[in-house]
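The values are calculated or read from the model by the stated rules, or taken from the named source; none is laboratory data. Just so we're clear, the structure is a prediction, and the values are computed from it rather than from any experiment. Heads up, the Cβs are rebuilt from the backbone with ideal geometry, glycines too, and the neighbour counts pull from every protein chain shown.
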Amino acid sequence: MSQPAGNKHVEGRGWVVLKFGGTSVENAAALRRVAGLVAQQEGAVVVVSALAGVTDQLLAAGEDAARGRLTAAQQSLLVICDRHSVMARELLPEASAGPFLTYLQKEFEGLAKLLHGVAALGEFSPRTADRLVGSGEVVSSRLLAEGVFAAGRNAAWVDARQCLVTDDAFGQAKPLREATNSRLRELVLPLLESGRVPVLGGFIAATADGTPTTLGRGGSDFSAALVAAGLGASRLEIWTDVDGIMTADPRLCPDARLIPSISFAEAAELAQAGAKVLHPATLLPATEKNIPVYVRNSRRPRSRGTRIVAEGAEPVTVRAITSKRGVVIVEARLRRQADAHTLGQILKACEGYTLDLCSVSQHSLVLLADSKLAVRELERTLRDVAEVQGENHKAIVRVFGDRIGRHTSVVAQIFHALAGIEVRLAAPGEGERNLTLVVDEDQAAESVQRLHNLFFPSSDQQANEVSPAGAQ
Ligand code: ADP
Ligand code: ASP
Ligand code: MG
């Protein structure tokens, strides 16, 4: 890209990291809107996801190829490539559209070869999956960089795989923070200092020796937080398809209200509990460096968004309701009385899975795990220690509020509202900041809706449109 004239820039902690999710760049109109938002921001570093749906499509293509359906897999690649070409033609001036289309063609030829290899081996390893799915972010970030340039700013595409260094846990790689920070200082900072707008793909990274990795599904938020922390940014803005963090998932509860301000700790717990609007790891780097985070709607940039800072809002009885599906209840009935050794053996057998809400009595241990946990295998491993049973297709519903479990009248209202729904387990969660309920997966949505109606009746809706919280 050649250099358009005269960008002002902000020094040091004035950098602002703007992250845009897949729905914010799903088509040419959305991408143009985003490029316009970026163009207005001084000192911006941009992190962007793959176009909405592309990561799933690439994964499916890899799986198809491994199962011998190479033609279908190649067809999916063509569809994805076409979608980017159409957007480029619509968005970019001819001078940059031409070279971009040539680049796109080459990138997808490389991916087609990769799928050939997958089909030949009949295996789609996590390592290959990272190489394949990461290309969604590679091409979207290149396209957005061109779009920002077309909007009049001197954008520079930066290969995130050269900046974010991770271990080799393919599919769910862990960042190596020191190495990442020094690469960011080396590769991104000079661009910012010379007034350019660096544009990086989220989600993608590489090992120290350059093998591509990814940070796990939804990981672009985490990428953006790592970039913000590494550069000592003054603000991180997560731009998405809803107004901010809401009192419930607006897809389940269209009446959900905006939470204008929330603490790092509370927001992190909501994300852990299933509020998909933020990747659960996002707030850690931001908290460490005390970087305020804003969640905002790229389709309604005038909406004030949610501000996440060290000190959140006043405590409230109920802040939000979340749900997380795909949970299995594992009960281990111990063959002898519980002792630390036996419990340790059971927990060790569950190594590698995220565990939640463990309860222990003299003769049993009950825990919640991701439904990927192989209960049959656990049963075999622990045969001498316990009789293991799993109940799958459960969901965790959490009601967040200040010391909620202590307000017996509130707890009574919760159970009253859930009349007729089987609640398999109920317990106060971490730091007494939530009440955790386990229900059948197919009753999760209804549970959230009933609880949301109880605590946030739709008659006294808040107005969301005031001045932007994140604006300076
Ligand atoms: P992006 O592509 O921008 O990363 P995501 O799909 O990952 O967006 O996250 C945004 C989605 O998160 C929303 O469309 C919404 O359905 C969902 N979501 C779940 N819980 C909440 C919540 N409490 N507040 C806001 N959004 C939520
Ligand atoms: N594109 C990746 C995903 O769909 C990462 C992200 O969107 O945050 O999981
Ligand atoms: Mg996301």
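List of remarks:
- If you filter segment 295-320 down to residues that are more than 13 Å from ligand 1 (Cβ to nearest atom) and not in a loop (DSSP other than H, G, I, E, B), you find that the one that is farthest from Gly232 (Cα to Cα) is Arg307.
- Identity of the residue in segment 400-451, in a loop (DSSP other than H, G, I, E, B) and of a type in the set (A, V, I, L, M, F, W, C), that ends up surrounded by the most Cβ atoms within 10 Å (Cβ to Cβ): Leu418
- Matching option when the condition is touching a helix residue (DSSP H, G or I) at 6+ places or on another chain (Cβ under 8 Å), modelled with pLDDT under 95 and closer than 25 Å to Leu37 by Cα, among Pro285, Pro301: Pro301
- Strands (runs of 3 or more DSSP E) wholly inside segment 185-280 containing at least 2 residues that are closer than 28 Å to Gly14 by Cβ, among the aliphatic types (A, V, I, L, M) and within 12 Å of ligand 2 (Cβ to nearest atom): 204-207
- Residue in segment 322-330 that is modelled with pLDDT of 90 or more, out of contact with any Lys or Arg (no Cβ under 6 Å at 6 or more places or on another chain) and not in a strand (DSSP E or B) present: no
- Options Asp82, Asp56; residue that is within 15 Å of ligand 2 (Cβ to nearest atom), of a type in the set (Asp, Glu) and out of contact with any strand residue (DSSP E or B) (no Cβ under 7 Å at 6 or more places or on another chain): Asp56
- Scan segment 248-272 for residues that are over 16 Å from Ala310 (Cβ atoms), away from ligand 3 (no atom under 15 Å from the Cβ) and under 18 Å from the mean Cα position of the chain (by Cα) and the total you get is 1.
- For beta carbons closer than 7 Å, sequence separation of 6+ or different chains, a first residue in segment 401-421 that is touching a residue at least 24 places away in the same chain (Cβ under 8 Å) and a second that is part of a helix (DSSP H, G or I) and hydroxyl-bearing (Ser, Thr, Tyr), the qualifying pairs are Leu418/Ser447; Ile421/Ser447.
- Evaluation of Thr102 against the conditions (1) out of contact with any helix residue (DSSP H, G or I) (no Cβ under 7 Å at 6 or more places or on another chain); (2) surrounded by 15 or more Cβ atoms within 10 Å (Cβ to Cβ); (3) more than 28 Å from Thr282 (Cα to Cα) shows that the sole unmet condition is (2).
- Scanning segment 17-71 for residues that are closer than 19 Å to Trp157 by Cα, within 13 Å of ligand 3 (Cβ to nearest atom) and assigned to a helix (DSSP H, G or I) yields a count of 3.
This table checks each residue for (1) among the β-branched types (Val, Ile, Thr); (2) without any contact (Cβ under 8 Å) to a residue 12 or more places away in the chain; (3) more than 16 Å from ligand 1 (Cβ to nearest atom); (4) in contact with a strand residue (DSSP E or B) (Cβ under 6 Å, 6 or more places away or on another chain).
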position	(1), (2), (3), (4)
Pro198	no, no, yes, yes
Gly201	no, no, no, no
Gly218	no, no, no, no
Gly232	no, no, yes, no
Arg235	no, no, yes, yes
Thr247	yes, no, no, yes
Cys253	no, no, no, no
Ala256	no, no, no, yes
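- The C-beta contact set for segment 114-141 (first residue within 27 Å of Ala28 (Cβ to Cβ) and of a type in the set (Val, Ile, Thr), second residue outside any helix (DSSP H, G or I) and more than 16 Å from ligand 3 (Cβ to nearest atom), distance under 8 angstrom, 6+ apart or interchain) comprises Val138/Asp159.
- Among (1) in a strand (DSSP E or B); (2) out of contact with any helix residue (DSSP H, G or I) (no Cβ under 6 Å at 6 or more places or on another chain); (3) under 30 Å from Glu266 (Cα atoms), the one test that Arg333 misses: (3)
- Qualifying residues in segment 105-137 (those that are under 29 Å from the mean Cα position of the chain (by Cα) and of a type in the set (Gly, Ala, Ser)) - the one surrounded by the most Cβ atoms within 10 Å (Cβ to Cβ): Gly136
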